[in-house]
Amino acid sequence: MDFVCVSRVLFEKLNLNYEEGERWIVNLIRNSKLDAKIDSETGTVIMEPNQPNVYEQLIDHTKALQGRTYKLVGQLLEPAQAQPAR
């Protein structure tokens, strides 16, 4: 099954003509930040594997760790704050 056949069915389901459908696919690729290219000669979309950015992963893990640490410290301090001062 090639791109033309798949796209024709997809465009029919979306009520788009071929030109509108191609534009829709181009916008989809741009807006979703996919690493993909359109080969206009063969009418295919070539998608590269999406490699996660190590820097972004590190930032995400650090943010998650910070949040978990904050919650843990809060849970540890709750009993100490609940006890009356002597």
**Asked** Can you list, bin by bin at 10 Å, the percent of alpha carbon pairs in the chain, starting at 0?
**Response** 13, 26, 16, 14, 12, 10, 7, 3, 0
**Prompt:** Taking the Cα centre of the chain as the origin and placing charges on Cβ (Lys, Arg +1; Asp, Glu -1), which of L76, L65, N53 is farthest toward the positive end of the dipole?
**Reply:** L76
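So what is the accessible area of the chain per residue, in Å², with the probe set to 1.4 Å?
Working: 7940 Å² over 86 residues.
I get 92 Å² per residue for this part.
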**Item:** Virtual spin-label span in nm between E78 and K63, 7 Å along Cα→Cβ
**Value:** 2.5
**Message:** Need one number: nm distance between label points at K33 and K71, each 7 Å from Cα along Cα→Cβ, rounded to one decimal.
**Reply:** 2.5
**Asked** Given C-alpha coordinates of region 6-47, what is the ratio Rg to Rh with the Kirkwood estimate of Rh?
**Response** 0.96
**In the chain, lysine pairs with alpha-carbon atoms under 25 angstrom apart (chain gap of 8 or more, or interchain)** = 4
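In percent, what relative contact order does region 6-47 have, based on Cα pairs under 8 Å that are 6 or more apart in sequence?
Working: 22 pairs, mean separation 9.0, N = 42.
About 22 percent, as a whole number.
The values are calculated or read from the model by the stated rules, or taken from the named source; none is laboratory data. Predicted, not measured: the structure shown is a model, and the values here were computed from it. Neighbour counts are summed over all protein chains in view; Cβ atoms, including those assigned to glycine, are modelled from backbone coordinates with ideal geometry. With ligands, DNA and RNA removed, areas are computed over all heavy atoms of the protein, side chains included. Shrake-Rupley method; radii C 1.70, N 1.55, O 1.52, S 1.80 Å.
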